[in-house]
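Visitor: The structure's right below; bear with me while I get my questions together.
The values are calculated or read from the model by the stated rules, or taken from the named source; none is laboratory data. Since the structure is predicted, the reported quantities are computational estimates derived from the model, not experimental observations. As a convention, Cβ positions derive from the backbone with ideal geometry for all residues, glycine included, and neighbour counts pool all protein chains shown. Ligands, DNA and RNA are stripped out before the accessible areas are found, and what is left, the full protein with its side chains, is counted by its heavy atoms. Shrake-Rupley method; radii C 1.70, N 1.55, O 1.52, S 1.80 Å.
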Amino acid sequence: MSASGEEIRQRYDRLAPWFDSLEGLVEGLIFRRFRKRLWDQVRGEHVLEVGVGTGKNFAFYPADARMTAIDFSPKMLAQAQRKKMRNNLDVHLDLMDVQSLAYADNCFDTVIASFVFCSVPKPRKGLKELHRVLKPGGQLLLLEHVLSSNRALAWLMNAINPMVVRLFGANINRQTVKNLQACPFRQIYVDPASTDMIKLIRATK
């Protein structure tokens, strides 16, 4: 099943008011420790967060970096804006699609995204855009859920993926490491702290 960017945007707009509550349990038990490990690797003066959502990563933002964050869902971005104001956070928020970034070439030291490329209609196009806006030697940091390497589980994930996309706008069967390998990154490293279906990935331009 293929969902257009507009359809996916509408699903995230619909979920935005309840998004933090829907993921609250799994966030506390699993995702938060992965987020911290990912953000501990951030380096450089100018950092771009792709898919800021409701601002779940705000607590991990480095104090010494100039932060820019984007999302393609206006209502998710509105949630992030409110959280930014409550926490008096210095971050520039933009409504933007990762598949078509309005930034110049070679302008970010680190680009970071967590659980984003499951929802990008053309993930390789988005990854190539991130490569474009990274400075030479810059790094892309990803936290992504991916298709299991277990054949039986992968079959099940592929089978139910159309239903999951229809309900939530996210694909559960993406192969993000392979997608990265098809892009012009110089080095790709998968953190050994990764699990079968949750990957911490660093790619260098």
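Visitor: Probe 1.4 Å, all protein chains in place: accessible area of Asp97 in Å², nearest 10?
Guide: Spelled out: Asp97, probe radius 1.4 Å, area about 40 Å².
Visitor: On the protein heavy atoms, probe 1.4 angstrom, tell me the percent of accessible surface of the range 57-142 carried by carbon and sulfur.
Guide: Here it works out to 49 percent.
Visitor: Still on this structure, I have one more. Would you tell me the accessible area of Tyr61, worked out with a 1.4 angstrom probe on the heavy atoms of the protein chains, in Å² to the nearest 10?
Guide: Roll a 1.4 Å probe over it and Tyr61 shows about 30 Å².
Visitor: Give the span of the chain's Cα atoms along each principal axis, as three whole-Å numbers ordered largest to smallest.
Guide: Principal extents (Cα only, largest first): 45, 39, 32 Å.
Visitor: While we're here: Return the lysines within reach of Lys36: Cα separation strictly under 21 angstrom, same-chain partners fewer than 8 residues apart disregarded; answer none if there are no such residues.
Guide: Lys56, Lys83, Lys84, Lys199
Visitor: Follow-up. From zero up to wherever the largest Cα-Cα distance of the range 1-103 sits, split into 10 Å bins and tell me the percent of pairs in each.
Guide: Once binned at 10 Å, the Cα pair distances of the range 1-103 give 14, 43, 36, 6, 0.
Visitor: Test of understanding: express the Cα radius of gyration of the range 83-205 as a ratio to 2.2 N^0.38 Å, with N the residue count.
Guide: 1.14
Visitor: Given R₀ = 25 Å, what would the calculated FRET efficiency be for Ala152 paired with Lys178, taking r from the Cβ atoms and rounding to 0.05?
Guide: Once the sixth-power term is evaluated, E becomes 0.80.
Visitor: Here's something else I'd like to know. With +1 on each Lys and Arg Cβ and -1 on each Asp and Glu Cβ, and nothing else charged, work out how big the dipole of the chain is about its Cα centre, in Debye to the nearest 20. Mind dumping the intermediate values first?
Guide: Values: 30 positive and 20 negative charges, 65 e Å.
So the dipole magnitude of the chain works out to roughly 320 debye.
Visitor: Then there is this: With θ taken as phi - 60° and the coefficients 6.51, -1.76 and 1.60, list the Karplus ³J(HN,Hα) couplings across the range 184-201 in order, rounded to whole Hz; mark glycine and proline as x.
Guide: x, 6, 6, 9, 10, 10, 9, 4, x, 6, 5, 10, 4, 10, 10, 10, 9, 10
Visitor: What are the aspartates and glutamates whose alpha-carbon lies under 12 Å from the alpha-carbon of Lys125, with same-chain residues fewer than 8 places away excluded?
Guide: Candidates past the 8-residue exclusion: Asp97.
Visitor: Related question: Can you compute the helix-only [θ] at 222 nm over the chain? Use -39500 (n - 2.57) per DSSP H run of at least 4 residues, normalise by all residues, nearest 500 deg cm²/dmol.
Guide: On the way: 7 runs with 71 residues, N = 205.
Counting only the DSSP helices, I get -10000 deg cm²/dmol.
Visitor: Before I look further, what does the chain give for accessible area per residue, probe 1.4 Å, in whole square angstrom?
Guide: Accessible area per residue: 50 Å².
Visitor: Considering only C-alpha atoms, what is the centroid distance from the range 57-109 to the range 32-51, in Å?
Guide: 12 Å
Visitor: Return the sequence-ordered ³J(HN,Hα) values of the range 36-50 in whole Hz as given by the Karplus equation 6.51 cos²θ - 1.76 cosθ + 1.60 applied to θ = phi - 60°, using x for Gly and Pro.
Guide: With the stated coefficients, the range 36-50 comes to 4, 4, 5, 5, 5, 8, 5, 9, x, 7, 10, 10, 10, 9, 9 Hz.
Visitor: Under a cut-off of 13 Å between alpha-carbon atoms, report the aspartates and glutamates in cross-link reach of Lys135, not counting same-chain residues fewer than 8 places apart.
Guide: Glu45, Asp105, Asp109
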